[in-house]
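The next block holds one structure in the form of structure tokens; read it before the comments.
The values are calculated or read from the model by the stated rules, or taken from the named source; none is laboratory data. Model, not experiment: these values are computed from the prediction. Heads up, the Cβs are rebuilt from the backbone with ideal geometry, glycines too, and the neighbour counts pull from every protein chain shown.
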Amino acid sequence: MSAKKKIGPLDIYALLPKTNCGKCEPGVCMAFAARLAEHTISLEECPPLWEKGQEANLKKLQEMLKPPVKEVKIGEVKVGGQLVVRRHEYRYFNPVPLAVTLDDTLPEVDLLKRIKKVEEYGYSYIGKTLKLDMLAPRYVSGDPSKFEATVKKASLSKLPLVLWCTDPGVMEKAVALVKERRPLLYAATRENWKEMAELALKYGCPLALYSPHDLKGLKSLAKTMLAYGVQDLLLDPGVGFGEELRETINCFTVLRNTAIRGGDEEVGFPLVASTARVWEDGGRKPEELAWEETALATLLMVRYADLIILRSEEVWSWLPLIILRENIYTDPRKPVSVEAGMRAIGQVNENSPVMVTSNFALTYFTVASDIENSKVPSYLIVVDTGGLSVESSIAGRKMTAQTIADAIKASGVKDKVKHRKVILPGMAARYKGELEELLGFEWEVLVGPRDSSGIPKFLADHWK
Ligand code: SF4
């Protein structure tokens, strides 16, 4: 089967009211169509489209814009909604939420500590704080009251919930406690599918289907659920490390390709990777299992998990995942940039150094952090390079002697410092002479290190 045809703004525009009424944020229909094609606005934001007489067009638009991998809400978090198999074909939507299990065998004090640790975990990266997303109470004790107690404790947190339990009777009591939070019911299997489907319908919750390394069985389960009326599904094809790794990756890849390239709606649902299952391979050291789980989760984040359920509570095992996620889920068509202009880093004064960098976010935050490490408060002139790094922007003529001179003049730094020295990134050394000329020979241009990690040493040697 062929891939779904890419929808362009003109296809969409033809079905909009075309009145340019100004009731949406872009204000005109063509711009709204362009935003819809980019998936940066939703049909709900065009009120006239929902009025009487527009039903047929609305239906066509809904069908046209429907992603081949359905977007499903767990609490307030959206998962799935993917349009392409490979990120560079367009972009990925809805960064993979990371859920952490809460076994109902944990003593209360450990349970509360674990919840707190997940809630409070955060890592600063390129100006953002990266965090974990969900809690997954897990029924392992065999005692329904313990599971209920664990769910109650988890529900004190605002994080969305995944209820991990395959016993429908136990699940019902737990879901009744938190139904308004729209938790994910994890999971329906070949054995319990009917009761789980009824719970999903009764409480209006999304439902995960679990059929390990059995794609036919998983698809058949999904087909049955759809026929039963359960529409918000997630699919878990099972995980395994070691000898099962190839099969694991294969299952995820086949499901995603079949949904997007094959257009098979019965598997067009977000994929769950319960890497916590790695820990079921007992008798091994916890560090080994945590390592295996992290390695598997990283692989599956790339191929093509939409939700990952983790067991490890080691910070070192979470870190690669949140950073990888941040890198995969940015829009590859748009460099990540910061606003151009002047920044004061630290308690600057009239003797503080003046440095120059690009507005590529990664470059900016790295340079800013290296300046902080130098303990020399400094002014940093951020040149608008269209979000390109220093090296790329020089090659692409986005950073030139002229753009640097313009940025220095526009910054007003001249009134902030009494010296007249500016430090260029080492890679921009070629601009030294031209920049001095453009600045009327009022400023001495120093050439800084090629790598910003050399800033502390450079300042120690050259800024007395
Ligand atoms: S609200 Fe709808 S009809 Fe009005 S301008 Fe926007 S897209 Fe056009």
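Okay, residues lined up against (1) at pLDDT 95 or above; (2) under 30 Å from ALA361 (Cβ atoms); (3) under 24 Å from the mean Cα position of the chain (by Cα):
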| position | (1), (2), (3) |
| --- | --- |
| VAL100 | yes, yes, yes |
| THR105 | yes, no, no |
| SER124 | no, yes, yes |
| LEU130 | yes, yes, yes |
| PRO137 | yes, no, yes |
| VAL140 | yes, no, no |
| ASP143 | yes, no, no |
| THR166 | yes, no, no |
So in segment 111-124, with the set limited to residues that are part of a helix (DSSP H, G or I) and free of Cβ contacts under 8 Å to residues at least 24 places away in the same chain, which one is farthest from SER145 (Cα to Cα)? GLU120
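Given the criterion in contact (Cβ under 8 Å) with a residue 12 or more places away in the chain and under 23 Å from ILE323 (Cα atoms), identify the matching residue among LEU65, LEU98, LEU49.
Details: LEU65 fails: under 23 Å from ILE323 (Cα atoms); LEU49 fails: under 23 Å from ILE323 (Cα atoms).
Going through LEU65, LEU98, LEU49 in turn, the sole match is LEU98.
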Report yes if ALA154 is within 20 Å of GLY238 (Cβ to Cβ) and within 26 Å of the chain's Cα centre (by Cα), otherwise no. no
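Among the candidates PHE93, PHE147, which residue alone is within 26 Å of LYS194 (Cβ to Cβ) and touching a Lys or Arg at 6+ places or on another chain (Cβ under 9 Å)? Before the answer, list the steps.
Working: PHE93 fails: within 26 Å of LYS194 (Cβ to Cβ).
Only one candidate qualifies: PHE147.
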Six or more apart or on different chains, Cβ under 6 Å: which pairs go from a residue in segment 200-213 that's assigned by TED's automatic domain parsing to the domain that holds LEU226 and closer than 19 Å to LYS179 by Cα to one that's β-branched (Val, Ile, Thr) and at pLDDT 95 or above? Could you list them? ALA200/VAL230; TYR203/VAL175; PRO206/VAL72; PRO206/ILE74; LEU207/VAL230; ALA208/VAL272
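Within segment 423-430, is even one residue of a type in the set (D, E, K, R), surrounded by fewer than 18 Cβ atoms within 10 Å (Cβ to Cβ) and within 16 Å of LEU446 (Cα to Cα)? Give the derivation first.
Pass one, segment 423-430, residues of a type in the set (D, E, K, R): 430.
Among the residues that remain, those that are also surrounded by fewer than 18 Cβ atoms within 10 Å (Cβ to Cβ) are: 430.
Retained after the next criterion (residues that are within 16 Å of LEU446 (Cα to Cα)): 430.
Yes, segment 423-430 contains at least one residue that is of a type in the set (D, E, K, R), surrounded by fewer than 18 Cβ atoms within 10 Å (Cβ to Cβ) and within 16 Å of LEU446 (Cα to Cα).
What's the total number of residues in segment 372-403 that are among the aliphatic types (A, V, I, L, M) and farther than 25 Å from LYS414 by Cβ? Break it down into steps so the answer makes sense when it comes.
Step one: filter segment 372-403 for residues among the aliphatic types (A, V, I, L, M), giving 376, 380-383, 388, 390, 394-395, 399, 401.
Imposing the further condition that a residue be farther than 25 Å from LYS414 by Cβ reduces the set to 388, 395.
Final tally of qualifying residues: 2.
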Which residue out of LEU163, LEU156, LEU184, LEU207 is surrounded by fewer than 18 Cβ atoms within 10 Å (Cβ to Cβ) and of a type in the set (A, V, I, L, M)? LEU156
Among the candidates SER453, SER392, residue that is buried (at least 16 other Cβ atoms within 10 Å of the Cβ) and under 33 Å from the mean Cα position of the chain (by Cα): SER392
What do you reckon, is LEU221 assigned by TED's automatic domain parsing to the domain that holds MET301 and part of a helix (DSSP H, G or I)? yes
Per the list (1) under 15 Å from LEU98 (Cβ atoms); (2) not assigned by TED's automatic domain parsing to the domain that holds TYR90, residue check on LEU310 breaks on (2)
Can you tell which of ALA259, ALA297 is touching a strand residue (DSSP E or B) at 6+ places or on another chain (Cβ under 6 Å), at pLDDT 95 or above and either part of a helix (DSSP H, G or I) or surrounded by fewer than 24 Cβ atoms within 10 Å (Cβ to Cβ) (or both)? ALA297
Kindly indicate which of THR224, THR253, THR275 is under 26 Å from TYR139 (Cα atoms) and under 21 Å from the mean Cα position of the chain (by Cα). THR275
Give just the number: which of (1) assigned to a helix (DSSP H, G or I); (2) within 27 Å of LYS334 (Cα to Cα); (3) among the charged types (D, E, K, R) does LYS457 not satisfy? (2)
